[in-house]
Amino acid sequence: MQSCLTPSSSLFLVSIPPRKPINSPLQPFSIKSSIDKTPTTKPKPAPAPSKTTSWVSPNWLTSLTKSLTFGANDDSGIPVANAQLEDVSELLGGALFLPLFKWMNQYGPIYRLAAGPRNFVVVSNPAIAKHVLRNYGKYAKGLVSEVSEFLFGSGFAIAEGSLWTVRRRAVVPSLHKKYLSVMVDRVFCKCAERLVEKLQPFALDGTAVNMEEKFSQLTLDVIGLSSYDPRTFYPIGRQIGVLCKMVPRQIKAENAVTVIRKTVEELITKCKEIVEKEGERINEEEYVNDADPSILRFLLASREEVSSLQLRDDLLSMLVAGHETTGSVLTWTLYLLSKDPSSLPKAQQEVDTVLEGRLPTYEDIKNLKFLTRCITESLRLYPHPPVLIRRAQVDDVLPGNYKVKAGQDIMISVYNIHHSSQVWERAEEFVPERFELESSVPNETNTDYRFIPFSGGPRKCVGDQFALLEAIVALAIFLQRLNFELVPDQNIRFVHEAQPTPK
Ligand code: HEM
């Protein structure tokens with residue numbers, strides 16, 4: 001299962017006075033955003049207890065699982081959540097985090113949840129999350145790896161053990177500082193400018209635009225053009241678009257995966273030929289090939305011993321892991337700004353002052369402090385993925401003296417930690433200033449695992465810096481050139497979908 005968070009409907013834009021950035025040589029535009037139903041900043045509330053009569057007791061799920069999995073001798077100290085039928089329908093409807101949040105308020109920061117023949121220990125406490133995430137040897141990815149294989153193959157995002165160690169060590173150096181600064185200029189700014197150009201006609205005639213779709217296309221272009229030679233990426237980009245639209249029609253999704261894999265294999269073969277012909281080798285730590293600064297080129301030039309199929313799956317891991325996640329943060333940040341009359345002008349003012357009408361450079365980004373805090377606050381409120389899954393490899397004792405046995409599946413609810421009133425003041429409110437402007441950008445370490453949108457420990461996201469830079473650049477250019485507002489009366493919800501897992 002792969003989590004996926006999206007607003008349930010399209011986002012916005014309406015014709016309002018055009019933006020006039022200070023000293024901007026660029027033509028500003030206004031945009032209007034559309035959606036379908038009733039707006040709500042919060043996820044849909046959990047439904048009232050079902051009045052439908054059922055032939056089974058409403059507690060059947062819990063009782064069955066109790067007897068099947070841990071019997072009478074449960075000495076773990078972990079309370080068991082009482083799963084009701086209506087909670088299960090929430091789970092099936094894609095809003096997993098809603099019952100998880102409800103149970104946190106009922107049972108506390110750790111509880112056991114029945115889910116068919118398996119049970120999960122659900123964690124909503126930063127100290128326990130820290131223990132589990134930092135002890136990767138004791139806690140593997142488990143279920144996530146099993147069900148995502150059809151998409152990731154043996155890619156390092158789901159690999160375990162020595163394969164993961166070797167491949168992560170090979171890929172991480174490709175995302176060095178110089179590479180990121182080249183990407184800001186050549187890819188992030190270019191793609192964001194192209195998006196703004198595409199939005200101009202809508203801004204001019206005031207047509208509503210689905211910004212979720214636009215941001216999804218933007219982030220796909222960005223990760224594709226950063227991973228492969230831009231001259232060859234576009235065919236795969238189209239297939240990924242197809243794949244995303246096909247979900248959950250499994251057979252078509254499988255076909256799309258086959259085509260994407262074949263295309264990436266061809267790209268690898270072509271790039272390998274060029275690297276061989278030129279006898280290219282990495283000769284400095286922050287190596288970038290000027291003609292083709294892509295991750296693929298770096299990995300081939302590094303001459304690590306790796307099969308083409310492994311390389312293919314690693315690159316696809318990056319593409320999948322880096323696409324919807326960044327699209328989601330852009331969409332939610334724009335949404336939150338559109339609902340906050342004080343933060344939006346503040347962010348626009350900062351962009352105008354720092355950039356003075358030009359495109360952002362790598363060096364500018366550290367000065368876009370308020371915009372960065374808006375993005376981190378959006379990641380706090382709408383983390384994508386909202387849960388992290390692990391499986392205990394050995395018996396262990398968690399902080400608080402809770403016992404888990406080898407084989408126990410664990411769900412760390414990032415959503416619960418980020419929304420808990422025990423962890424955050426005014427937890428449900430959008431307050432970008434909660435993260436001090438003059439301090440470091442928040443991460444799992446400096447918040448002691450209270451803020452973990454990129455996870456933590458050895459399996460932490462490798463693309464966190466990439467994603468933050470990409471989001472800051474895209475929003476800075478968007479705010480610099482466009483005005484926008486949310487189309488009223490829409491039902492915007494936070495959902496959590498399972499990707500298809502064909503046999
Ligand atoms: C806002 C955007 C992003 C968010 C919120 C995000 C979040 C995450 C999270 C939570 C994990 C760890 C899952 C776990 O612990 O089980 C992860 C892993 C990963 N992410 Fe990201 N990610 C984002 C963008 C990116 C980008 C842009 C890339 C690629 C450039 C990327 C590449 C990866 C990879 C390869 C992994 C697997 C790492 C491993 O298992 O060793 N992510 N991401």
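Every number in this text was worked out from the coordinates using simple rules, so none of it is lab data. What you are looking at is a predicted structure, and each value in this text was computed from that prediction instead of being measured. Methodologically, a virtual Cβ is constructed for each residue, glycine included, from the backbone with ideal geometry; neighbour enumeration extends over all protein chains shown.
Over all pairs of different C-alpha atoms, region 313-398 has a mean inverse distance whose reciprocal, the Kirkwood radius, equals 15.6 Å. Annotation: extensible slack from SER440 through LYS198 equals 83.6 nm (criterion: 0.36 nm per residue apart, minus Cα-Cα distance).
At 0.36 nm per residue, minus the direct Cα-Cα distance, what do ARG426 and ALA291 gain on full extension? Give it in nm, one decimal, please.
Length difference between fully extended and current span is 43.7 nm.
For VAL166, project a label point 7 Å along Cα to C-beta. Then give me every residue of region 288-312 with its amide nitrogen under 19 Å of that point. Counting backbone N atoms under 19 Å from the label point, the list is 299-312. What FRET efficiency do you get for LYS366 and ASN255 if R0 is 56 Å and r is their Cβ-Cβ distance, rounded to the nearest 0.05? Computed FRET efficiency for LYS366 and ASN255 comes out at 0.80. Over region 108-152, the fraction of Cα-Cα pairs per 5 Å bin, rounded to whole percents and listed from the shortest bin up, is 5, 17, 19, 26, 21, 9, 2, 0. Roughly what % of Cα-Cα distances in region 383-503 sit above 22 Å, to the whole percent? Here the tail beyond 22 Å accounts for 55 percent of pairs.
Does region 275-432 come out rounded, prolate or oblate, given a ≥ b ≥ c as the square roots of the eigenvalues of its C-alpha gyration tensor, rounded meaning a/c under 1.5 and, failing that, prolate meaning a/b above b/c?
Oblate, since a/c reaches 1.5 and b/c is not below a/b.
For the cross-link pairs LYS198/LYS369; LYS102/LYS141; LYS270/LYS366; LYS178/LYS214, the ones whose C-alpha atoms lie over 32 Å apart are LYS270/LYS366.
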